[in-house]
Amino acid sequence: MLFKGSYSEHFPKRIISLSPSITEIVYGLGAWKDIVGVTIFSDFPPEAKNLPKVGGWVNPNLESILSLKPDLVIMIEDQDKIFGDKIRNIGIKTLSVESNNTIKDISDSISKVGQALGKKEKANKLIESLYSDLEKIRTRVKNTHSKKVLFIVGRNPGTLEDIYVIGKMGFIDEIITLTGGENVVKTDRFSIKISKEAIISLNPEVIVEVNHEKTSKNEALKVWDGLKEVSAIKNKEFHIITDTTLLHPSQRIVEGARILAEILHPEVFKEYGKNN
């Protein structure tokens with residue numbers, strides 16, 4: 001059953017999204033006008049910053065949700081396990097979608113949200129475009145040398161402490177492979193915390209860091225300068241990605257995949273042009 005709660009034949013017109021990725025999917029389905037509330041870190045589309053906020057990913061505010069009078073709250077399965085019943089107990093219908101461990105999970109989430117919002121045809125087209133665009137990127141880099149990549153999603157600003165990196169489980173690892181890279185972290189988890197010593201041992205050829213602190217590459221390089229024995233630092237293959245297109249599991253991962261592919265294999269994109 002698609003909905004958890006009472007079902008109506010009428011498609012919802014007042015939607016609250018409890019995850020940035022869901023917000024992006026609803027936007028991609030052309031139902032943006034129906035969103036009345038989002039979580040605090042929703043940053044796409046830019047208009048999301050102006051919508052009422054209902055708390056964070058793990059701690060939504062039930063009073064704020066109720067005040068917006070939604071007819072549907074959409075969340076991730078992991079969120080549903082934490083507080084889904086609390087939302088349903090105050091009389092609001094919910095829809096939970098995949099926890100987005102794989103690209104297939106992302107397409108399934110698009111499909112579920114599309115069905116719930118009466119946008120099934122649009123969802124099918126969005127999924128088709130997702131796979132088609134990713135395949136174009138895969139084809140472009142398929143004859144390149146696979147580079148060993150360390151993908152960093154968090155660290156203490158100004159230090160090399162509390163470094164969190166992407167492991168082998170999840171859509172980001174899939175994208176690293178698809179774009180002509182090899183994840184040097186082999187742990188079967190979505191992300192793990194590692195030490196400077198571990199990075200030296202892994203010796204990646206390329207380090208990619210997602211950084212939202214508006215830190216310049218030069219500033220970040222000063223922090224990483226202490227690891228000159230690492231190939232990526234020695235060969236100036238340290239790169240910063242400042243947006244969330246590779247972190248939020250929606251159709252926008254295509255944009256992130258293009259960014260990563262150009263980082264790993266700039267020669268291919270220079271030869272053929274970015275739009276080919």
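Quick look at the numbers
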quantity	calculated
Under 5 Å, built H, 5+ apart or other chain: amide partners of Glu182	Lys147, Lys148, Val149
DSSP-defined beta bridges in segment 15-118 - what % are antiparallel, rounded to 5	10
Rounded to 10°, Cα long-axis angle of helix 120-141 versus longest principal axis of the chain	0
Bridge type composition, the chain - antiparallel percent by DSSP, nearest 5	30
Most positive-pole-ward Cα, Leu68, Pro266, Leu134, against dipole of the chain from beta carbon charges	Leu68
Built amide H within the under 5 Å cut-off of Glu209, gap 5+	Ile152, His239, Ile240, Ile241
Farthest toward positive dipole pole in the chain [+1 Lys/Arg, -1 Asp/Glu at C-beta], among Thr23, Ile207, Ile240	Thr23
Of Lys49/Lys119; Lys13/Lys86; Lys104/Lys147; Lys53/Lys222, those spanning more than 27 Å from alpha-carbon to alpha-carbon	Lys53/Lys222
Mean Cα-pair separation over length for segment 15-118, i.e. relative contact order, pairs under 8 Å, 6 or more apart, %	25
Angle in degrees between helix 103-116 and the longest Cα principal axis of the chain, rounded to the nearest 10	20
Gyration tensor (alpha-carbon) shape descriptor, segment 143-272, a/c threshold 1.5	rounded
Rounded to 5, percent antiparallel among DSSP beta bridges of segment 143-272	35
5 Å binning of all Cα-Cα separations within segment 15-118, expressed as whole percents from 0 upward	2, 14, 27, 27, 21, 8, 1
Charge dipole magnitude, Cβ of K and R +1, D and E -1 - the chain, Cα centre, debye nearest 20	340
Sum of -39500 (n - 2.57) over DSSP H runs of 4+, divided by residues of the chain (222 nm, nearest 500)	-10500 deg cm²/dmol
Phi-based couplings in Hz for segment 159-174 (Karplus 6.51, -1.76, 1.60; Gly and Pro marked x)	9, 10, 10, 6, 8, 10, 10, 7, x, 7, 9, x, 5, 5, 4, 4
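Here, each number is a calculation from the coordinates, and none is a lab measurement. Note that the coordinates shown come from a computational prediction; the quantities given were computed from them, not determined experimentally. Note that we place each Cβ from the backbone using ideal geometry, even for glycine, and neighbour counts take in every protein chain shown.
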